[in-house]
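The values are calculated or read from the model by the stated rules, or taken from the named source; none is laboratory data. In this text, all values refer to a predicted model and were calculated from it rather than measured experimentally. Methodologically, a virtual Cβ is constructed for each residue, glycine included, from the backbone with ideal geometry; neighbour enumeration extends over all protein chains shown.
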Amino acid sequence: MLYIWQMLQDQITQYTAEINAFDTTSADELEQFRIRFLGTKGIIKDIFDEFKAVSPEEKRTLGKVLNEFKQLAEAKYQALNEITANSQLKAENSDVDLTLPGEGFEIGARHPLALVRREIIEIFNKLGFSVAEGPEIEDDWHNFSALNFPEEHPARDMQDTFFIKKGGEKGDIALRTHTSSVQVRMMEAGQPPFRALMPGRVYRNEAISARAHCFFHQVEGLYVDENVSFADLKQTLFYFVQELYGEGTKVRFRPSYFPFTEPSAEMDISCTICKGDGCQMCKHSGWVEILGCGMVDPNVLENCGIDSKKYSGFAFGMGIERIANLKFEIKDLRLFSENDVRFLKQYKTAII
Ligand code: DAH
């Protein structure tokens, strides 16, 4: 007759083989395994029940075997439980590709006009020009009269003005039409030498289109000292253009008229887009105008309390939009003020 302990021993051997061979990644199959071996009505419970009937002298050896068997089943269950839990997590998140790069975040971009303004200022800084600013709401004296625009003179019509108020202490109040008004403020406030750059926003009463806007930006330059000549003006602007658009950019000066300079000129540079061969930007002339300039009219110096016999100077003024247009080929002026991020984003990689 077979002893109970022998029968149990055989069962344990058989189940041990079964447990060792068992493998699954399925949570259902593992649960069945748990119920079959470790459940309240499971195999291990049964074997322990039967164990009670084993003779006391056999209990010691069989007890050890039985405990090892129970530990084996539990260890197997735990190991597989970890694996199936993991694979279940993966299945649930199967549409998440952890190897993809993160979403990142958008950083702001500098406005192309700010970039160009900064570049202009940096170039003139090297020549010793400082930066000055003046008010956007200006009186007639600073915007026109001191700059040698005679009363009722048609030259005032060159710039369609937004008037704000009639007849202030220094004439009608208006939005400044150019940054030349800052020259006057600077010269009134001190004595030469002056060597400054005056960037700022200006306003003109024009219908908005691709080529005109009711506000835009200028940079004014002023250099007043003893013995300043037209040659100084030419060399300064020549240097500026080489720095801004690269060595070999040609310049030419055409005689022009501004009330506040005598003589006056407009400066063209060889087209930055086609290098002078002729394209749409330069209207097939090979040249593009970038600024107005001249020797400060002695009347302007005197209007500002500066001795025109002792001092002379030159001035120039340029539109920042124009310079930016030639640098970035931005054809429509309206883009600068619409603040469309798709436009602004494109200048992220330009000088920061
Ligand atoms: N103020 C002029 C304008 O708005 C530009 C200009 C021309 C400024 C000649 C100057 C200059 O200082 O000398 O069109």
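Residue-wise test of (1) touching an Asp or Glu at 6+ places or on another chain (Cβ under 7 Å); (2) at pLDDT 95 or above.
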{"site": "P255", "(1), (2)": "no, yes"}
{"site": "C274", "(1), (2)": "no, no"}
{"site": "G305", "(1), (2)": "yes, yes"}
{"site": "Y311", "(1), (2)": "yes, yes"}
Restricting to region 283-339, what's the tally of residues that are among the aliphatic types (A, V, I, L, M), away from the ligand (no atom under 16 Å from the Cβ) and farther than 24 Å from F253 by Cα?
2
Residue pairs, Cβ under 6 Å, 6 or more apart or interchain, first in region 191-214 and surrounded by 14 or more Cβ atoms within 10 Å (Cβ to Cβ), second among the basic types (K, R). List them.
P199/R117; V202/R176
Of all residues in region 258-282 being part of a loop (DSSP other than H, G, I, E, B) and touching a strand residue (DSSP E or B) at 6+ places or on another chain (Cβ under 8 Å), the one that is farthest from the ligand (Cβ to nearest atom)
G276
Step by step: first the residues of region 215-257, then only those that are assigned to a helix (DSSP H, G or I), of a type in the set (D, E, K, R) and touching a residue at least 24 places away in the same chain (Cβ under 8 Å), then the one that is nearest to R185 (Cα to Cα). Which residue is that?
D232
Checking L237 against (1) within 26 Å of P154 (Cβ to Cβ); (2) under 35 Å from the mean Cα position of the chain (by Cα); (3) within 12 Å of the ligand (Cβ to nearest atom): exactly one of these is not met. Which one?
(1)
A207 vs (1) aliphatic (A, V, I, L, M); (2) touching a Lys or Arg at 6+ places or on another chain (Cβ under 8 Å); (3) at pLDDT below 95: all pass except (2)
Does any residue of region 325-344 turn out to be at positive phi and at pLDDT below 95?
yes
